Amino acid sequence: MPRTPDDPADGAIDLHFIGNATVLLRYGRLTLLTDPNFLHRGQYAYLGYGLLSRRLTEPAVDVTELPALDGVVLSHLHGDHWDRRATRHLDRTVPVLTTPHAARRLKVVHGFRRTAGLRTWRALTFRHGGQQVRVTALPGRHAGHPLLRGLLPPVMGSMLEFGPVGAPARTRLYVSGDTLVYDGLDEIARRFPAADLALLHLGGTLLPGGFLVTMDGAQGAELARRLDPRRVLPVHYGDYTVMRSPLAAFLAEAERIGFGDRIVHCGHGDWARVTCEPGAAPTVV
């Protein structure tokens with residue numbers, strides 16, 4: 001259940017899994033949205049080069065029902081992460097942090113003037129009252145083959161560090177974006193060891209020809225092993241016809257590598273509250 005906005009003395013973050021990679025995060029009065037995808041069940045997302053994918057699920061809330069946002073974090077510009085309903089209904093004055101590629105298009109074509117493109121390891125901060133979240137752009141690759149990477153939009157992960165203004169961060173959330181596992185992600189663990197919660201984009205998305213462009217269950221478990229977060233929340237699975245790897249595949253792999261007790265079970269439309277205590281794994285209820 002969402003709580004009323006107040007001073008988050010306990011450092012808690014309320015998380016609403018709206019669907020696909022769309023998550024609403026509330027830390028006190030600060031409100032953040034990731035990858036706004038509000039197409040309805042049966043509508044098609046445009047993936048570029050004439051590729052379409054039909055949505056199989058309904059978002060938990062409509063874009064018109066969102067609270068006022070302090071910012072949006074967008075991993076990349078694909079039709080299942082920023083769709084035509086987001087373009088039509090989001091406030092064009094809302095700040096958006098994303099890749100330089102996506103920022104140019106959102107500014108020039110769609111009129112979202114307060115969009116900033118972050119290069120890898122660069123950071124910007126959202127503030128509301130006495131709370132803030134520092135967003136750092138992290139590496140990601142949407143495909144394995146260099147030629148295919150050149151055809152797909154660049155993607156970023158992000159580290160979200162929540163805390164009081166002028167004080168150290170209390171809670172760190174990693175959002176993978178639509179990356180595959182590769183050695184360049186290992187630097188994340190060196191710079192940000194043991195994130196409190198990792199939101200992993202799964203689904204095993206397959207393009208024609210059998211090209212994998214998002215992590216399947218095995219890759220998701222491997223990334224969890226490499227980054228060693230304290231808790232893991234799977235997102236971006238089962239929402240579109242191009243997603244071929246079910247959540248059960250990831251859960252089985254996570255259990256196999258000994259990460260089963262770190263998985264947060266928060267289904268589509270559910271809320272979770274993330275509370276961190278110094279030196280302890282976060283509590284998620």
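The table below gives the values:
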{"read-out": "Under 11 Å, Cβ to Cβ, from I263 - net charge with Lys/Arg +1 and Asp/Glu -1", "value": "-1"}
{"read-out": "Per-pair calculated FRET efficiency, R0 = 25 Å: A123 and Y182 via Cβ, rounded to 0.05", "value": "0.65"}
{"read-out": "The range 1-135 - share of DSSP beta bridges that are antiparallel (%, nearest 5)", "value": "70 percent"}
{"read-out": "Pairwise FRET efficiency - A189 versus H145, Cβ, R0 = 35 Å, nearest 0.05", "value": "0.90"}
{"read-out": "Hz values of 3J(HN,Hα) by residue in the range 41-56 - Karplus curve (6.51, -1.76, 1.60), Gly and Pro given as x", "value": "3, x, 7, 10, 8, 8, 9, x, 6, x, 8, 10, 9, 8, 6, 9"}
{"read-out": "Burial order of peptide ranges 232-245, 125-138, 70-83 (average beta-carbon count within 10 Å, highest first)", "value": "70-83, 232-245, 125-138"}
{"read-out": "Dipole of the chain, positive direction: furthest Cα of T98, N37, V108, with charges on the beta-carbon", "value": "V108"}
{"read-out": "Rounded to 5, percent antiparallel among DSSP beta bridges of the chain", "value": "75 percent"}
{"read-out": "Relative contact order of the chain, defined on C-alpha pairs under 8 angstrom at six or more residues apart (%)", "value": "17 percent"}
{"read-out": "Charge dipole (debye, nearest 20) of the chain; +1 at Cβ of Lys and Arg, -1 at Cβ of Asp and Glu", "value": "960 debye"}
{"read-out": "Residues with amide H under 5 Å from that of V264, placed H, sequence gap 5 or more", "value": "V232, L233"}
{"read-out": "Helical mean residue ellipticity (222 nm; -39500 (n - 2.57) per DSSP H run of 4+; nearest 500) of the chain", "value": "-4500 deg cm²/dmol"}
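No lab work stands behind these numbers, since they all come straight from the coordinates. This structure is a prediction, so every number in the text was calculated from the model and none was measured. Note that each Cβ is placed from the backbone with ideal geometry, even for glycine, and that neighbours are counted across all protein chains shown.
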